[in-house]
Amino acid sequence: MIRHARRILVLAVFALAGACTSGDIGPEYLEVSEEESKLQFYGPGLAGGYRLFLTGKDNHFVRRTIASYGPVSGEFPFARMYLAETPPTRHFTRVQPVKEGLEQWDWFRGKALEIGASGDTANAIGRIEYAAATADGIACVAWLQTFGPREGTGVGTRVLSGFYCKGKGTMPSTAESESIVRLIGHRTYGAIEPPAGWTASTASTNRTGSISIPIQVIWANDSSGVDIFGGRIRIPEGQENGVITLGAGAGRQCEGVVNYDKRESDRLFMRWLLTCANDLNASGTLTMKDVGGSTYVVGEGKDNRGRKVSLIE
């Protein structure tokens, strides 16, 4: 929640992507550099990997920044972070405990979760909560941190959540979990130096370093018809996970992600998720195929009201 004078405005503190948020970030993301995002994370194995940072404001003028950190090669390790920042005179009044929020991240949904040691420690920003976990045998650490001015029982003007997964292995220990969350910083509110020998990302995350595929979204409505609007799938070059953005005239405020599932011959199979305002979401699968240098996309799914949703190129 956010308090503004005597009024209380309800806000979901965080939800999945590979990222995910509450769905009212607006129909357009702005991609920014790592420096512009202000976020810092120097997790083990991420040196030289790819980065993707998206930012935007929701209907309550809360700025949301979504960060994705990928491996140098292969599937692990990787990390996601989500920062929500209120405008002046407002603050968050409560947040969901880190252990209870894991399944709001799409990556954890449907996996066998085991929660391990949890606690709190201090990093350059301040106090931070953490919880160790395994998801289908993948070892992860999740965190939640609030900071900034607070009023009464409020938790502050900024909420930072995220997780880091290192791959198959044993449950991270308390010491390991604490060492990982101490590698989180903010260039304004708690800057940190990269570890010795850290190398910057080798994969560009600006628009020239991404695969950008225009799509049409065909969404069945309640009048036995369909709504059709344009969008785009963007995947960092050399990676197999990305984001879906909808055009400004789409008529729905949604944000989305696409995640790698499997590859067979010349076809890439992926799962997609759109999270929208007014508690609307849709998910499904899609296939990408490269033919003569052009990428073709066919995706099918349903929204949470049972209506068919298609993504095509």
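Taking every alpha-carbon pair within region 107-173, the share separated by more than 20 Å comes to 36 percent.
Once backbone amide H atoms are built at 1.01 Å from N, Leu280 has no partners under 5 Å, excluding neighbours fewer than 5 places away on the same chain. With a Förster radius of 45 Å applied to the C-beta separation of Val226 and Thr188, the computed FRET efficiency comes to 0.50. Here Ser68, Ser223, Ser118, Ser33 are placed in order of increasing Cβ neighbour count within 10 Å, fewest first, which gives Ser223, Ser33, Ser118, Ser68.
Here the gap between Tyr296 and Ser179, fully extended at 0.36 nm per residue and compared with their Cα-Cα distance, gives a gain of 37.8 nm. Close amide H contacts of Gly167 (hydrogens built in the peptide plane, cut-off under 5 Å, sequence separation of 5 or more or a different chain): Ala139. Here the Karplus relation 6.51 cos²θ - 1.76 cosθ + 1.60, evaluated at θ = phi - 60°, turns the backbone of region 184-191 into coupling constants of 9, x, 9, 4, 9, 10, x, 6 Hz, with x for every Gly and Pro. Taking the number of Cβ atoms within 10 Å of each Cβ as an exposure proxy, the fewest-first ranking of Lys262, Lys57 is Lys262, Lys57. From least to most packed, judged by other beta carbons within 10 angstrom and beginning with the fewest, Val217, Val298 follow the order Val298, Val217.
Where a number appears in this text, it was derived from the coordinates with a stated rule and is not lab data. Because the structure is a prediction, the values reported are computed rather than measured. When we count neighbours, we look across all protein chains shown, and the Cβ atoms used for this are built from the backbone with ideal geometry, even at glycine.
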